[in-house]
Structures are given as structure tokens and as C-alpha cells.
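Trainee: Please find one structure pasted underneath; my questions will follow.
The values are calculated or read from the model by the stated rules, or taken from the named source; none is laboratory data. Not measured: the values here are computed from a predicted model. When we count neighbours, we look across all protein chains shown, and the Cβ atoms used for this are built from the backbone with ideal geometry, even at glycine.
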Amino acid sequence: MSQGLIQHYLPVFRHYLSRIDHLAERGTAAHLSARLSPDGFTALEHFAIAQRYILRGVYPLIGQDLPEMEEVTDHAGLRKRGGFVRSCLDEVAKCSAQNADDITHVAGHSTLRQSPYDYIALYAAPNFFFHMNMGYAILRSQGAQVGKGDFDGFHSYPQGFSFQNDGAGPMPVQTEQQ
């Protein structure tokens, strides 16, 4: 089962790893060093944590310890670390999953024991997306010119597009019946 999970998540993690690079390139050093709250992580730290969650998600499935990762202090370090994560994913793709047992790990102050599926689908991948999204939200809140297409790499909107209708509030949502 673990090998199928790895093969399922590798393309997802690879795709969004490239989106982290793209988002960080769209932000300035000031954007990347901003926080949503005084006690929260910076955008740069959130992106670095997201990168780590990729490896934290797949390495237990192959029964290996996480590799050491350099700390990230700037955009160049984030990009370098992204390259390292990509090379690790290339190696993981060549491995056979060995861990069909439950995975015991620490989440904050909790010790959890989860099946491989629950571990990656309910813990590691959601935490990856949480931290990636927090980095994105900080960039947006600081005025970086990023949108949904920068986050997912799929959406496209014309320059200056807004979901606000002349400042009168959100545009109505169309349903299939309309």
C-alpha cells in the first residue's frame, strides 16, 4: 500500500514544490519576512516548513529517516533547498516502500500512531498545504502580486481582475441553474 501512496503523492508534491519557488520569486525580501501575527512564522519560514513536510510525508513510507536539511534564511536558500527536496524525491521514486506498519510521530505536543494512508493523507499532505497556503496568504496580505494561478499553476485571470464588483462587495456566485 505504501508504494501506491508514494506514487500518488510524488507528482502532487513535485508540482506544488515548483509553486513554492514561483510564489517566493513573486515576493520581495520584505514580503517573505512578513508574518500574519507577531507570534507566527514568516512567509519564508512557512514555505521552508512546507518543503520539509514533503520529505516528512514520504520518508516514513520507505522506512528511512529524514535527511538533514539546511536552514533557510533567504529566497536563494529556499530555492536551493527546493532543489535538494527534488533530488530526494527522485531517490524516493526509485525506492520500494518498506513501511506497511503504522507510523508513530509527533504532532506538536501529541504523539500519534497512524496507518500509512492516514499519515500521508490526513497528516503530512494537509500540513504541507497549510504551510504553503500560509506563506501565500502572507504574500497576499503584504501586497505581493500573487493570485490563485500563482498558487496552483492552473488558474488564469486577466491583469487587474478582481472578484469585487466596483467595491460593492463580492460578486454573486453563479450556479448551474442560473
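Trainee: If only one of 52, 19 is within 13 Å of residue 124 (Cβ to Cβ), within 16 Å of the chain's Cα centre (by Cα) and not acidic (Asp, Glu), which one is it?
Mentor: Of the residues listed, the single one that is within 13 Å of residue 124 (Cβ to Cβ), within 16 Å of the chain's Cα centre (by Cα) and not acidic (Asp, Glu) is 52.
Trainee: Out of everything in segment 150-178 that is among the acidic types (Asp, Glu) and over 24 Å from residue 46 (Cβ atoms), what residue ends up being modelled with the lowest pLDDT?
Mentor: Here the residue is 166.
Trainee: In this structure, is residue 102 over 20 Å from residue 7 (Cβ atoms), in contact with a strand residue (DSSP E or B) (Cβ under 9 Å, 6 or more places away or on another chain) and modelled with pLDDT under 95?
Mentor: yes
Trainee: Next question. One residue is enough: does segment 106-113 have a residue meeting the conditions touching a residue at least 60 places away in the same chain (Cβ under 8 Å) and touching a His at 6+ places or on another chain (Cβ under 9 Å)?
Mentor: No, segment 106-113 has no match at all.
Trainee: Of all residues in segment 2-17, which are within 16 Å of residue 149 (Cα to Cα) and either among the charged types (D, E, K, R) or loosely packed, with under 13 Cβ neighbours inside 10 Å (or both)?
Mentor: 15
Trainee: Being surrounded by fewer than 19 Cβ atoms within 10 Å (Cβ to Cβ) and either over 17 Å from residue 17 (Cα atoms) or in contact with a Ser or Thr (Cβ under 6 Å, 6 or more places away or on another chain) (or both) is the filter here; which residues of segment 122-139 pass it?
Mentor: 122, 123, listed by residue number.
Trainee: I've got another one for you. Report, by residue number, each residue of segment 54-77 that is buried (at least 22 other Cβ atoms within 10 Å of the Cβ) and closer than 27 Å to residue 142 by Cα.
Mentor: Those that are buried (at least 22 other Cβ atoms within 10 Å of the Cβ) and closer than 27 Å to residue 142 by Cα: 54, 72.
Trainee: What residue, of 76, 30, is more than 30 Å from residue 118 (Cβ to Cβ), in a helix (DSSP H, G or I), more than 18 Å from the chain's Cα centre (by Cα) and at pLDDT 95 or above?
Mentor: Matching residue, one of 76, 30: 30.
Trainee: Also: Could you pull out the residue among 147, 108 that is surrounded by 14 or more Cβ atoms within 10 Å (Cβ to Cβ), over 23 Å from residue 5 (Cβ atoms) and modelled with pLDDT under 95?
Mentor: 147
Trainee: Looking at 41, 47, which one is modelled with pLDDT of 95 or more, of a type in the set (Phe, Trp, Tyr) and in contact with a strand residue (DSSP E or B) (Cβ under 9 Å, 6 or more places away or on another chain)?
Mentor: It is 41.
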